[in-house]
Amino acid sequence: MDLDTFYVSVERLIDSRLVGKPVLLGGVGDRGVVASCSYEARTFGVYSGMSMKMARQLCPQGIVVKGNAGTYSNYSKTVTEIIRKKAPVVEKSSIDEFYIDLTGMDKFFGCYKLASELRTQITKETGLPISFGMSTNKTVSKVATGEAKPDNQMKIDFGNEKTFLAPLAVKKIPMIGKKTAFMLNRMGVQKIHTLQEMPMELLEKAFGKNGKIMWQKANGIDHSPIIPYHEKKSISTERTFMQDTIDTRKLLDFIIAMVEQLAYELRYSHKVCSTISIKLRYADFQTVSKQKSIPYTAVDHTLIAHAKELFGALYNRRVRIRLVGIRLSDLAGGGHQIDLFADDDKTINLYKAMDAMKTRYGVNAVRRSVAMEVNGLGRENPFSGEPNVVPAHRNA
């Protein structure tokens with residue numbers, strides 16, 4: 001099941017004037033990126049991931065909306081709760097996409113009937129359009145969902161998987177991106193039908209182990225199970241500046257603000273991390289990164305110190321910076337015992353008090369003074385309650 005143009009649909013619930021209009025959702029400046037767009041905007045050639053500047057050129061009448069990740073997370077959580085009440089096994093693969101295993105439900109309700117009723121209930125209770133594709137495996141179900149959109153449903157019976165996939169373009173297979181599709185097209189492979197008839201050995205020679213998986217998916221073979229829980233391995237955030245900058249104080253202020261935000265998210269989730277990494281993208285689009293293994297922690301001041309050290313070691317070109325990013329990884333359960341070897345009870349209690357205020361009054365209730373000068377990083381409610389939701393990138 002996949003919520004149709006999820007972010008745009010939520011914005012239309014909030015503001016009905018957007019219904020039927022070309023909507024561009026994402027960074028409002030020319031440096032921003034389109035996070036989502038309505039079907040009306042797509043007819044002009046706009047797509048997710050495109051620069052907002054280009055999207056505006058292609059669709060000058062498009063309505064640009066900045067969006068709010070916290071609002072989307074709340075709607076996603078509502079949909080998730082509706083699904084989990086009816087479905088026996090659910091895998092939430094993203095904020096707006098769900099895999100549901102209805103094996104064995106035929107003798108009780110009828111799988112297609114149950115899925116249809118669930119889709120109707122979601123739309124009725126939330127106002128959000130949602131589509132689904134039903135088959136015997138994940139790959140065919142995902143492709144069928146894409147073919148069913150917008151706001152529709154499709155069932156592919158057992159034994160008809162190859163026939164259904166055959167006339168479709170190879171890029172419809174989930175694992176095939178633009179680069180792989182381009183390589184296949186150069187080999188004369190445009191449709192999945194051609195891919196189905198190619199020797200597996202040839203694909204393995206051209207694409208390695210992915211060639212075998214590609215062939216299997218093209219033939220409707222996918223044994224990957226429904227995984228009801230994804231352990232979050234990392235959290236990250238990044239910021240693209242409106243104007244490239246060489247101001248190191250400004251860069252450090254953003255780094256401090258981002259680390260402070262991520263550290264609070266760690267503590268909120270009762271996690272600690274043991275790796276911190278920083279990413280810089282220069283004005284010429286060269287991207288560099290550096291990481292460091294550290295003792296498990298989730299406290300701001302410790303992580304900020306490591307971030308500053310990494311920045312000092314990484315920023316050596318003296319060229320203007322376009323983007324800065326922070327990632328905390330190798331997460332583990334840790335709770336509030338954030339650093340027993342370095343922090344005393346006073347420090348731990350201080351963080352508990354600050355976190356309590358942030359949880360009650362919002363993530364910006366208590367911040368470092370340098371972070372007060374940094375706008376556009378915080379979210380009203382950055383926590384969806386779902387273990388597999390990774391924080392969205394923050395763009396200016």
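The values are calculated or read from the model by the stated rules, or taken from the named source; none is laboratory data. What you see is a predicted model, and the numbers here were worked out from it, not measured in a lab. Every residue, glycine as well, gets a Cβ built from its backbone with ideal geometry; the counts of neighbours run over all protein chains shown.
General remarks:
- Residue in region 162-169 that is at pLDDT below 95 and more than 22 Å from Val90 (Cβ to Cβ) present: no
- If the condition is being β-branched (Val, Ile, Thr), surrounded by fewer than 23 Cβ atoms within 10 Å (Cβ to Cβ) and under 22 Å from the mean Cα position of the chain (by Cα), then region 35-64 contributes only Val64.
- Test set (1) closer than 30 Å to Leu350 by Cβ; (2) touching a residue at least 24 places away in the same chain (Cβ under 8 Å); (3) over 25 Å from the mean Cα position of the chain (by Cα); (4) surrounded by fewer than 19 Cβ atoms within 10 Å (Cβ to Cβ) - His301 fails condition number: (2)
- Subset tally (residues that are charged (D, E, K, R) and within 17 Å of Ser73 (Cβ to Cβ)) for region 3-43: 1
- Filtering region 104-120 to residues that are surrounded by fewer than 15 Cβ atoms within 10 Å (Cβ to Cβ) and within 18 Å of Ser76 (Cα to Cα) leaves only Thr120.
- Among the conditions (1) farther than 30 Å from Ala181 by Cα; (2) assigned to a helix (DSSP H, G or I); (3) of a type outside the set (Gly, Ala, Ser), the only one that Trp215 does not satisfy is (1).
- Some residue of region 200-219 being free of Cβ contacts under 8 Å to residues at least 60 places away in the same chain and over 30 Å from Ile156 (Cα atoms): yes
- Qualifying residues in region 150-174 (those that are part of a loop (DSSP other than H, G, I, E, B) and within 20 Å of the chain's Cα centre (by Cα)) - the one surrounded by the most Cβ atoms within 10 Å (Cβ to Cβ): Ile173
- When the residues of region 184-199 are filtered to those that are of a type outside the set (S, T, N, Q) and free of Cβ contacts under 8 Å to residues at least 24 places away in the same chain, the one that is surrounded by the most Cβ atoms within 10 Å (Cβ to Cβ) is Leu184.
- Note on region 5-34: residues that are buried (at least 20 other Cβ atoms within 10 Å of the Cβ) and touching a residue at least 60 places away in the same chain (Cβ under 8 Å) total 8.
- Scope region 23-39; condition closer than 16 Å to Val8 by Cα and assigned to a loop (DSSP other than H, G, I, E, B); matching residues: Gly27, Val28, Ser38
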